[in-house]
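Q: My questions all concern the structure below.
Every number in this text was worked out from the coordinates using simple rules, so none of it is lab data. This is a predicted model, so every value here is computed, not measured. Cβ sites come from the backbone with ideal geometry, for glycine too, and all protein chains shown count toward neighbours.
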């Protein structure tokens, strides 16, 4: 911190003669000193409360697939849209209850692309729509690990009617712990037996699920997913997906509902939120300024 000019201290801590006597000068001088301390305190809190800007990595992901007989051909195309390189970039596919690792790239520079493909043999018992997820693993220059999730539905030997289950999921903020709520609605008259889970990046942990339940016709149900922050940094945002699967008219159906989780650190001082402290400091400054001017008017009136 740069030292304040000497004349500033002279103006603050010294008082000039007044016809009202030394007592008034000491009061006004004390108010000025308190005012400066409060302003310095607010400045320090502002530096602590707001993070500094840094580089970032942003992976723009395109996931596509094609069914050939009983095999799904998965194609992955990722572009680094951030302003710094990503390291140890590797895709991970999940389909049909199994996970498959794709090729690994040591460094992915700004605007560079990562491409990989994989054929996977499918062994589903019935036709329908099934989920396909892609988890991209990568790290920053300090080798801190991150991940990004993408999820979609693909058809398997069917061109049937659309499903009867629709979902809605809001966004949420958390630091250490939190929860995300999913609402499912059954628009048909018949009851559906549904299994639903929440797919998240590896920085987050879902503490409960999957859930299996019956959803009667023309009704809705709310499911709560408790979450825990495992290694996500403050300021990060993650897309997550609720995957709900059920049977309808002899075919397998999948509903995917997206949501956003924002990780925000709760900055505190002695257990009190910084913003509340700053607000209290501002009120104190306003009080001291008012008291200072009131004291001056009182002195001038005498």
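Q: Calculate the spin-label point distance for residue 267 paired with residue 58, positioning each point 7 Å from the Cα along the beta-carbon direction, and give it in nanometres.
A: 2.3 nm
Q: Please give the per residue volume of the convex hull enclosing the alpha carbon atoms of the range 51-189, rounded to a whole number of Å³.
A: 153 Å³
Q: Could you give the radius of gyration (one decimal) and Dmax (whole number) of the Cα atoms in the range 143-266, in Å?
A: So, for the range 143-266, Rg and Dmax equal 15.8, 53 Å respectively.
Q: Further question on the same structure: Taking R0 as 51 Å, what FRET efficiency do you get between residue 249 and residue 83 from their Cβ-Cβ distance, rounded to the nearest 0.05?
A: Computed FRET efficiency for residue 249 and residue 83: 0.55.
Q: Something else now. Once fully extended, how much extra length lies between residue 157 and residue 218, figured as 0.36 nm per residue of separation less the alpha-carbon to alpha-carbon distance?
A: 19.1 nm
Q: Ok, one more. Taking the Cα centre of each part, how many Å lie between the range 169-203 and the range 208-252?
A: 3 Å
Q: Same structure again: If I stretch the segment between residue 287 and residue 260 completely, what's the gain in nm (0.36 nm per residue apart, minus their alpha carbon distance), one decimal?
A: Length gained, residue 287 through residue 260: 5.5 nm.
Q: Hey, another quick one. If each residue of separation counts as 0.36 nm, what is the full-extension length gain between residue 90 and residue 168 once their alpha-carbon separation is subtracted?
A: So the chain would gain 25.0 nm between residue 90 and residue 168.
Q: Expressed as cubic angstrom per residue, what is the convex hull volume of the alpha carbon set of the range 61-127?
A: Spelled out: Cα convex hull of the range 61-127, divided by residues, is 82 Å³.
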